[in-house]
2 protein chains.
Amino acid sequence: MMALPHIPYSPVRYSDETMLERSKTFYALMNQRRSVRFISPEPVPREVIDNVIHTAGTGPSGAHTEPWTFVVVSDTEIKHQIRLIVEEEEEMNYRQRMGEKWVNDLSRLRTNWIKEYLDVAPYLVLIFKQTYGILPNGKKKTHYYNEISVSISCGILLAALQNAGLVTVTSTPLNCGPQLRLLLKRPANEKLLMLLPVGYPASDATVPDLKRKPLDEIMVHV
Amino acid sequence: MMALPHIPYSPVRYSDETMLERSKTFYALMNQRRSVRFISPEPVPREVIDNVIHTAGTGPSGAHTEPWTFVVVSDTEIKHQIRLIVEEEEEMNYRQRMGEKWVNDLSRLRTNWIKEYLDVAPYLVLIFKQTYGILPNGKKKTHYYNEISVSISCGILLAALQNAGLVTVTSTPLNCGPQLRLLLKRPANEKLLMLLPVGYPASDATVPDLKRKPLDEIMVHV
């Protein structure tokens, strides 16, 4: 493959004071983010969702493969079918598959297999990783580090949602991938990685009273 | 484990116009981000890095395990030791381990095993995933989805760096994890996931002339 031409890159350069201020303000904004399981049915402008997904697409990826597909579902009937699939599998996960420890670890977050938000949220965003690509000649193209790349992109998506004043909860619906892929008619090279309900928080939304680790428990300076 | 108390959650609510404006502005900001391999040696205020890492720590994680450790290296000698380890392994990766296709796919980005930025960048951020935790009784605590969680956190970190006007390149140094873990004296439950050099772009920095996929190639609306 031919080397791409390189072009100069000189982004905006901020003063020390401005950097400090910007980094502090952005931390304050992101620190207000919480995983929210109670989402309002109120409609959200579609263009905001487009911008958020476009933002997620700016993430880096192994060898610039951009191995992500974001399926945005607003159709009421399809949302309901997604709910049926997820709740059926999740009930089995909780009752049989997950083991007492996982169920126990989750109990303090008061999560269970009832996922009302799947009907209620104006949008469900299903994030698929493309485990390989298809070359013009029909052969498979390896997508290196596709799970890490798509997860990084999801992190940028979460930042974009938070910035817009929307909420979500990252869920990884165990064992639902194949059924959801078929429901949404996604090709065989795409595997469901995450499912995010997106909207405004419900007016009576609550979140578990969790704290985050302080900086000195997550950072080591050498 | 006891259920945590739940508390009301009612974040800022923006008008439609404000949301649109914010989502557009944030997309424009993130879309300027590029992976940069030419980093200036100029010092960067340490407090900015602290804020960026703190921001990364706001990410969601499976059962709120927060399974990440960010090792920020500014010591010149340790940066150099990291470079020696990475370049030795990367040369073997390129020459022997990666296979012609991966080397070929990377060649258009003009990357190779010489990583000058590891000496030059004012900071190296090594992101470790904690594959398990240690309970007060000394037993292992499972960290569900730790790789996805830490990768999401890295996405938020990239957003925070971009917002502050700093650059990086996400690298996943193949086979270097164990040596770097020992060099940095990290415990056995931590595995290196990514290594990010962080700083201002060099004044003569260039990037490959890549385009990103348009929105309709990454998003499907149902």
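The values are calculated or read from the model by the stated rules, or taken from the named source; none is laboratory data. Keep in mind that what you see is a predicted model, and the values were worked out from it rather than measured. Every residue, glycine among them, receives a Cβ derived from its backbone with ideal geometry; neighbour counts consider all protein chains shown. These accessible areas exclude ligands, DNA and RNA; they are computed on the full protein's heavy atoms, side chains included. Shrake-Rupley method; radii C 1.70, N 1.55, O 1.52, S 1.80 Å.
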Exercise. So how strong a dipole does chain A carry about its Cα centre when Lys and Arg Cβ are +1 and Asp and Glu Cβ are -1, to the nearest 20 debye?
Worked result: 560 debye
Exercise. Per the Debye formula with a single identical scatterer at each Cα and no solvent contribution, what log10 I(q)/I(0) holds for chain A at q = 0.15 Å⁻¹?
Worked result: -1.17
For this session: Evaluate the distance, in nm, between pseudo-label points positioned 7 Å from the Cα of residue A:31 and of residue B:147 along their respective Cα→Cβ axes.
Result: 3.2 nm
Seminar exercise, completed: In segment A:155-204, the trypsin sites (Lys or Arg not before Pro) that sit in a DSSP loop and have at most 13 other Cβ atoms within 10 Å of their own Cβ are A:185
Problem set entry | Positive-end extreme of charge dipole, chain B - chosen from B:65, B:170, B:160 (charges on Cβ) | B:65
For this session: Mind checking the per residue accessible area of the protein assembly as shown for me, 1.4 Å probe, whole number of Å²?
Result: 43 Å²
For this session: Given a cut-off of 24 Å, name the pairs among A:79/B:24; A:129/A:211; A:79/A:185; B:79/B:101 whose C-alpha atoms lie farther apart than that in the structure shown.
Result: A:79/B:24; A:129/A:211; B:79/B:101
Exercise. Where nothing but the Cβ of Lys and Arg (+1) and of Asp and Glu (-1) is charged, how large is the charge dipole of segment B:70-113 around its Cα centre, in debye to the nearest 20?
Worked result: 260 debye
For this session: Between residue A:116 and residue A:172, with labels modelled 7 Å along Cα→Cβ, what's the label distance in nm to one decimal, could you check?
Result: 2.7 nm
Exercise. Counting Lys and Arg as +1 and Asp and Glu as -1, each charge on the Cβ, what is the dipole of segment A:97-145 about the Cα centre in debye, to the nearest 20?
Worked result: 360 debye
Exercise. Once you put a point 7 Å from the Cα of residue B:103 and another 7 Å from the Cα of residue A:13, both along the Cβ direction, what distance in nm separates them?
Worked result: 3.8 nm
Exercise. Along the charge dipole of chain B, which of B:5, B:184, B:205 sits closest to the positive end, that is, farthest toward it, with unit charges on the beta carbon of Lys, Arg, Asp and Glu (+1, +1, -1, -1)?
Worked result: B:5
For this session: Given the options B:193, B:84, B:106, state which has the largest fluctuation in a GNM of chain B using a 10 Å cut-off (strictly under) for Cα springs.
Result: B:106
Problem set entry | Candidates A:150, A:169, A:48: whichever shows maximal mean-square fluctuation once chain A is modelled as a Gaussian network with Cα springs under 10 Å | A:48
For this session: Identify which of A:33, A:22, A:46 has the largest mean-square fluctuation in a Gaussian network model of chain A, with springs joining Cα atoms closer than 10 Å.
Result: A:22
Problem set entry | Percent RCO, i.e. relative contact order, over segment B:36-202, from Cα pairs under 8 Å lying at least 6 residues apart | 39 percent
Exercise. Farthest toward the dipole's positive end in the protein assembly as shown, which of A:45, A:103, B:28, given Cβ charges of +1 (Lys, Arg) and -1 (Asp, Glu) about the Cα centre?
Worked result: A:103
Exercise. Based on the Cβ-Cβ distance from residue A:88 to residue B:76, what FRET efficiency comes out when R0 is 51 Å, to the nearest 0.05?
Worked result: 0.35
Exercise. Inter-copy label distances at residue A:4, 7 Å along the Cα→beta-carbon direction, one decimal in nm, shortest first?
Worked result: 4.0
Problem set entry | Rh (Kirkwood; distinct C-alpha pairs) - the protein assembly as shown, Å | 22.5 Å
Problem set entry | Efficiency of FRET from Cβ geometry, residue B:222 and residue B:21, R₀ 22 Å, rounded to 0.05 | 0.20
Problem set entry | Cα gyration tensor of segment A:31-120 - equivalent ellipsoid semi-axes, whole Å, descending | 28, 19, 15
Problem set entry | Exposure rank, largest accessible area first [B:119, B:204; 1.4 Å] | B:204, B:119
For this session: Would you give the gap between the C-alpha center of segment B:6-29 and the C-alpha center of segment A:117-187, rounded to a whole Å?
Result: 22 Å
For this session: Starting from a label point 7 Å past Cα on the Cβ side, list the distances from residue B:142 to the same position in the other copies, nm, shortest first.
Result: 3.1
Problem set entry | Rg ratio (alpha-carbon, reference 2.2 N^0.38 Å) - segment B:1-64 | 1.70
For this session: First select every other residue whose beta carbon is under 12 angstrom from the beta carbon of residue B:217; then total the charges, Lys and Arg +1, Asp and Glu -1.
Result: +1
Seminar exercise, completed: Over the protein assembly as shown, the sum of -39500 (n - 2.57) across DSSP H runs of at least four, divided by residue number and rounded to 500 deg cm²/dmol, gives at 222 nm -12000 deg cm²/dmol
